[in-house]
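One structure is given below, encoded as C-alpha cells.
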Amino acid sequence: MIFTLLSTLPVLIITSELDYSELVHSAELVSSSSSHFHHKSFNSRKRNCTRDTDIIDRLLNGTGYNKFRIPQEEGMTVVVEIWIQAITSIDELTNDFDMDIYITETWLDPALNFQHMSPCKGNLSLNHQVLDRLWTPNSCFINSKVAQIHNSPFRSVFLMLFPNGTVMVNYRVRVKGPCSLDLSNFPLDLQKCSLIYESFNYNRQEVEMKWSDAEFPVFNLSKIVLPDFDLFAIQTARKQEPYPAGMWDELHVTIIFERRFIWYFMQAYLPTYLTIFISWVSFALGSRAIPARTMLGVNSLLAIVFQFGNIMRNLPRVSYIKGIDVWMLVSMTFIFCSLLELAIVGFMVRDETVAKKKQQKKISGNPSREESPHGIISERRFMFPPGCSDSTKSLNSCGTGCWTPERIDSISSVMFPLTFFIIYWFYYIHRKEIIRENMINRVDG
C-alpha cells in the first residue's frame, strides 16, 4: 500500500508541475493579449490626434502667417486684466512707486484656429519663443518710469492658445510708476498713483483696448502691506486720447493710498505735545516765579525749533505749506505767546511792586490825622475797589474785577490748550474727509 502511494507520487508531482506551467502560460497569454489591446487602442487614439509641435508647425510654417499684419482687417479687440502681486515702496522724494504685477492680454486671431486638427489637448501652453512669432498689440505703460519683464530664472511670459484661435498672454512685470503727491494735508493725507496702459503702435481703428468684464479688472492677489501707507482704493477707467496719428484707447489704473498716521504721531506730534505742555506748566507756577517761568518758556521754544528741523530734514521740499508745517508753526506760536503772556505778567508784577513801595513811602512820610495841620488825610485806597492797585488803573476800570496777574494766568491755562486743540485738529481732520471725497469723485468721474 505504501509502495503504491510512493510510486504514484512522482506522477502527481509531474502532473502538478505541468498544470502549473500551463496556468502560468495561460495567464501570460491573457496579459499579453490585454496589454496588446490597450496598446493598440492607445496607438489608435494617438494616431487620431495632433501633437502640440505639429500644430505649431502647421499654423506658422508654410501657411503665410505674418506677425506684422493685423489678423483681422476690421480691427482687433484686446481685453486686459491686471493682478497686483505686491507694492513694495512709495517714495515722496521722487514721486513714484514700485510694484510687481501680472498683465493678462486676450485677443482672437482667426489664423491660429486649430479645431480642425483634432488636438490632443484642449489648449496649448507655450513659452515666449513661440510668442515672438505671433502678432501682438505691442502694448506698454506709456507713463511708467521703468517697466521690465522678470527674467529670473527665465523670461516670465506665459502663452496659451485655444482651439478657436484665442490667444492669452500673461506677463510678470516690475513697474515704477508716477504719483501725484499732494502734501498740503500731510500727514493726514491721501496720495494717488496712476498707470496708463495702451497699444504703442496701433490706434483704436486697428486695436481696441478694453478692460476685462470681471467685477474687478485690477485687483491685488494678497493683502498689500506698506510701512507708511494703506491701500485705500483701486479705480479703473478707459479713455480715448487724440494723437497726431489718430485716437488711442488708454486704460487708466488709479491706486489711492491712505497714509498711516501712528508713526508721525509718535515721532513728531507726541514730542511736540510734551514740549507745549511744559510751556503751559509756567501758568501754574505763580506770578512771582519769573526766572523759572522764563527758563521753561525759552527751553520749550528751543526744543521745538530743534524738533522742527529734524522732521523737515526727512520730508520732500515743496513750494507750499504742509499740514505738519502748520502744526510746528502753530506750536512755536503758542510757546511764543506763552512768553508774551509771561512778559505781561512780569510787567504787571513789577509795576505793582513799584506802586506798593511808593505808597509805603508816602504813608510813612505823611503825618497822621492829629499831626496834620488841616486835619485832612488823602488816602488813595478809597479811590479803587479792594484788591486793586493804582498800577492797574490804566488796564481796567475795575467795573467787573481787576486783571490781576493771577487772573491772567488762570485764563491762559484754559484758553491756550482749548484754542490749540480745537483750531488744529478740527480743521485738518475735516479737511482730510473733504480731500477723500473729492479724490474719489474725481476718479469716478
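The values are calculated or read from the model by the stated rules, or taken from the named source; none is laboratory data. Keep in mind it's a predicted model, so treat the numbers as computed, not measured. Reconstructed Cβ throughout: ideal geometry from the backbone, glycine too, with neighbour counts over all protein chains shown. Side chains are part of the model used for accessible areas, which takes the heavy atoms of the whole protein and leaves out ligands, DNA and RNA. Shrake-Rupley method; radii C 1.70, N 1.55, O 1.52, S 1.80 Å.
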Looking at the range 228-277, which of its residues are in a helix (DSSP H, G or I) and either under 25 Å from LEU181 (Cα atoms) or open to solvent by 30 Å² or more (accessible area, probe 1.4 Å) (or both)?
ILE262, TRP263, TYR264, PHE265, MET266, GLN267, ALA268, TYR269, LEU270, PRO271, LEU274, PHE277
Take LEU131 and decide whether it is in the same structural domain as HIS252 (by the TED database), surrounded by 13 or more Cβ atoms within 10 Å (Cβ to Cβ), within 18 Å of MET76 (Cα to Cα) and without any contact (Cβ under 8 Å) to a residue 40 or more places away in the chain.
yes
Within the range 83-93, can one find any residue that is open to solvent by less than 60 Å² (accessible area, probe 1.4 Å), at pLDDT below 95, in a loop (DSSP other than H, G, I, E, B) and in the same structural domain as PHE141 (by the TED database)?
yes
Would the range 95-102 turn up any residue that is over 30 Å from SER194 (Cβ atoms), in contact with a Gly (Cβ under 8 Å, 6 or more places away or on another chain) and either at pLDDT 95 or above or open to solvent by 60 Å² or more (accessible area, probe 1.4 Å) (or both)?
no
Out of the residues in the range 295-315 that are open to solvent by 60 Å² or more (accessible area, probe 1.4 Å) and either in a helix (DSSP H, G or I) or not assigned by the TED database to the domain that holds PHE336 (or both), which is nearest to LEU329 (Cα to Cα)?
VAL305
Going through the range 316-336 in order, the residues found to be touching a residue at least 40 places away in the same chain (Cβ under 8 Å) and surrounded by 15 or more Cβ atoms within 10 Å (Cβ to Cβ) are LYS322, GLY323, ILE324, VAL326, TRP327, MET328, VAL330, SER331, PHE334, ILE335
Please indicate, with yes or no, whether at least one residue in the range 107-122 is part of a strand (DSSP E or B), modelled with pLDDT under 95 and surrounded by 18 or more Cβ atoms within 10 Å (Cβ to Cβ).
yes
From the list SER156, SER125, SER152, which one is without any contact (Cβ under 8 Å) to a residue 24 or more places away in the chain and either touching a strand residue (DSSP E or B) at 6+ places or on another chain (Cβ under 6 Å) or on the phi > 0 side of the Ramachandran plot (or both)?
SER156
Can you confirm whether the range 310-321 contains a residue that is in contact with a helix residue (DSSP H, G or I) (Cβ under 6 Å, 6 or more places away or on another chain) and of a type in the set (Ser, Thr, Tyr)?
no
Given the options VAL207, VAL225, name the one that is assigned by the TED database to the domain that holds LEU190, among the aliphatic types (A, V, I, L, M) and within 17 Å of THR106 (Cα to Cα).
VAL207
How many of the residues making up the range 161-197 are in a loop (DSSP other than H, G, I, E, B), open to solvent by 10 Å² or more (accessible area, probe 1.4 Å) and over 30 Å from PHE426 (Cβ atoms)?
3
